[in-house]
Amino acid sequence: MVTRNPVLVLKDICKEFPGVKALNNVSLELYPGEVHALLGENGAGKSTLMKIISGIIEPDSGEMYLDGRKVQFKSPKEAMEAGVALVHQELSLVPSLSVGENIFLGRWPQGRWGVNWSYVYREARELMRKFDIDVDPRVPVRNLGVAEQQIVEILKAVSQPHVKILLLDEPTSALTEHEVERLFKLLSDIKAEGKAIVFISHKIDEALKISDRVTIIKDGEKVITEEKGNLTEKDVIYYMTGKMFESNVSSHNADPGRKAVLSVRGLSAGILKGVDLDVYAGEILVIFGILGSGRSTLARVLFGLQEYRGEVFVEGERVEIRSPLDAIRCGIGYLPEDRRKALVFQLSVGANITLASLREISRKGLLMFDKEKELAERFIDELRIRTSNSRKRVTHLSGGNQQKVLFARWLAKSPKILILDEPTRGIDVGAKFEIREIVKNITKEGKAVLYITSEALEALEVGDRIAIMRGGKITKILPNDRQLSKSDLLAEVGGVVKV
Ligand SMILES: Nc1ncnc2c1ncn2[C@@H]1O[C@H](COP(=O)(O)OP(=O)(O)OP(=O)(O)O)[C@@H](O)[C@H]1O
Ligand SMILES: [Mg+2]
């Protein structure tokens, strides 16, 4: 790291929301040419701090200095003009606009006859080439998958002129290893230009790899700022949670029951080409594949969100799943990869948790509020969802806690078959362990879990069996025994082999 004057100094920043002290006297210095990782549990206050730096919200007290001058941003526009660019944790793109229009939003270049669209699309295409993704910059953003949207969001920030400080709030949560490598290459270039970067991630190995220094916050307070070289992954987890966690790769159910709870035969839809699969009672079957392999399509089909050809059987009986209601009737629950599609943001935390269980908590068509509260509170407790109470609007929860709310919705409903698409995305390390334990416990009740992940380590940690998905087909199903390694899995899916 270059020892120069800090580009940004934060002094004693405080921010309180009704019922929570989100930030308490947080001070931080950011230097030009450094990547500074900001780590902490879900709800620790990371996004709040980013929103303060980028002018989205104002602090209650505390000071901020940019290049030695005191600043007080009244709007994101002011911050942007001063050289602060933010990549939001929740994607902030306009779905109906094209990729190019989104990247240059708010600064469409004016030519002699209006906006110079050929410039916009040429530049956008060039930027995307750096990421190795083949997306036409003229297509509307709503047609893209979550990972591609995340890349557009990143490109939108990094391509802003005069950026001095780049804030990345969980930029990699939807990316696979290949894209993360591309991003890291891009960040090193940006860093070499003397810009400062703040990098937030729940993937601690990743954060340690890219950063020069690390700051950890817990319950809104800074615990430590340290050179990366002085910290191990274990130290970081300890500072974040106050606890030690051991990864537990070996406790798999080697002998799942022989009763198939869910079977599919010759399932085709979109990219899926004739998938055959059996998921047995009491097992976690991991579907492991890279972006575009068909994992999420399989999940959507099984929850009635996409038309299919082929046969689906639940406990041996042929069923037709043409809508989510059909799926729920068959005892299928589904946690989608994009939480914004499943949360009802106008409703409270409690209502979101109990949404799939309305029948269980109603009598004669009337909702019993005490039952709703009881059920919601049980899961708020069990999953340690950080909220002042169950009536809080779900929009006001931190990103990771919103994900836990969705998880709670299906745990409360307790379906026979639970389909989880990247369930630990954006979830902090402590909660990840807890969620895996909870998923394992569900299978002890004889239920079956279809667990989709693009992280090899996660596949090895949770799966009883691991199905490899490639080009819309299940190419292999591997029992998860001790011999199986991360590089085996990566080699199978045709991803980048990197251990
Ligand atoms: N607009 C708001 N209204 C009320 N409470 C809020 C609001 N924004 C954030 N909070 C609360 O402030 C705390 C910090 O939230 P923040 O989003 O900064 O956490 P985070 O560290 O980014 O977590 P995650 O890793 O889950 O994204 C949380 O308890 C959250 O519920
Ligand atoms: Mg956050």
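Listed residues Lys156, Lys185, Lys164, Lys203; which is among the basic types (Lys, Arg) and touching a helix residue (DSSP H, G or I) at 6+ places or on another chain (Cβ under 7 Å)?
Exactly one of Lys156, Lys185, Lys164, Lys203 is among the basic types (Lys, Arg) and touching a helix residue (DSSP H, G or I) at 6+ places or on another chain (Cβ under 7 Å), namely Lys156.
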Hey, does region 404-418 have a residue that's more than 20 Å from Gly242 (Cα to Cα), within 11 Å of ligand 1 (Cβ to nearest atom) and not aliphatic (A, V, I, L, M)?
yes
Against the conditions (1) surrounded by fewer than 14 Cβ atoms within 10 Å (Cβ to Cβ); (2) within 25 Å of the chain's Cα centre (by Cα); (3) among the polar types (S, T, N, Q), where does Thr48 fall short? Just the number, please.
(1)
Test Arg340 against the stated conditions and say whether it is touching a residue at least 24 places away in the same chain (Cβ under 8 Å), part of a helix (DSSP H, G or I), in the same structural domain as Asn401 (by TED's automatic domain parsing) and within 16 Å of ligand 1 (Cβ to nearest atom).
yes
Just the residues that are assigned to a helix (DSSP H, G or I) and in contact with a strand residue (DSSP E or B) (Cβ under 7 Å, 6 or more places away or on another chain), please, taken from region 214-242.
Lys228, Val236, Tyr239, Met240
For Gly229, indicate whether it is outside the structural domain of Ala456 (by TED's automatic domain parsing), of a type in the set (Gly, Ala, Ser) and under 17 Å from His36 (Cβ atoms).
yes
Does any residue of region 417-425 turn out to be out of contact with any strand residue (DSSP E or B) (no Cβ under 7 Å at 6 or more places or on another chain), within 16 Å of ligand 2 (Cβ to nearest atom) and either aromatic (Phe, Trp, Tyr) or over 22 Å from Ile290 (Cα atoms) (or both)?
no
Restricting the search to region 302-336, which residues are within 16 Å of Asp278 (Cβ to Cβ) and in a helix (DSSP H, G or I)?
Leu302
What are the pairs, 6+ residues apart or on separate chains, where a residue within region 167-193 that is assigned to a loop (DSSP other than H, G, I, E, B) has its Cβ under 8 Å from a residue that is among the basic types (Lys, Arg) and more than 16 Å from ligand 2 (Cβ to nearest atom)?
none
Can we say Ala174 is within 16 Å of ligand 2 (Cβ to nearest atom) and out of contact with any Pro (no Cβ under 8 Å at 6 or more places or on another chain)?
yes
Give the residues of region 18-47 that are at pLDDT 95 or above, part of a strand (DSSP E or B), on the phi < 0 side of the Ramachandran plot and more than 7 Å from ligand 1 (Cβ to nearest atom), sorted by residue number.
Leu23, Asn24, Val26, Ser27, Leu28, Glu29, Leu30, Val35, His36, Ala37, Leu38, Leu39
Could you check how many residues of region 17-57 are small (Gly, Ala, Ser) and within 16 Å of ligand 2 (Cβ to nearest atom)?
8
Can you name the residue in region 58-94 that is touching a residue at least 40 places away in the same chain (Cβ under 8 Å) and polar (S, T, N, Q) and is also farthest from ligand 2 (Cβ to nearest atom) among such residues?
Ser61
Being in contact with a Phe, Trp or Tyr (Cβ under 9 Å, 6 or more places away or on another chain) and closer than 26 Å to Ser27 by Cβ narrows it down to one of Glu227, Glu206, Glu179, so name that one.
Glu206
Pick from Glu78, Glu90, Glu58: which is under 19 Å from Gly106 (Cβ atoms), within 16 Å of ligand 1 (Cβ to nearest atom) and charged (D, E, K, R)?
Glu90
Verdict on Ile103 being in contact (Cβ under 8 Å) with a residue 12 or more places away in the chain, within 22 Å of the chain's Cα centre (by Cα) and either away from ligand 1 (no atom under 15 Å from the Cβ) or surrounded by fewer than 21 Cβ atoms within 10 Å (Cβ to Cβ) (or both)
yes
Any chance region 192-205 includes a residue that's β-branched (Val, Ile, Thr), at negative phi and surrounded by fewer than 18 Cβ atoms within 10 Å (Cβ to Cβ)?
no
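The values are calculated or read from the model by the stated rules, or taken from the named source; none is laboratory data. Please read all numbers here as calculations on a predicted model, not as lab measurements. Glycine also receives a Cβ, built like all others from the backbone with ideal geometry; neighbour counts cover every protein chain displayed.
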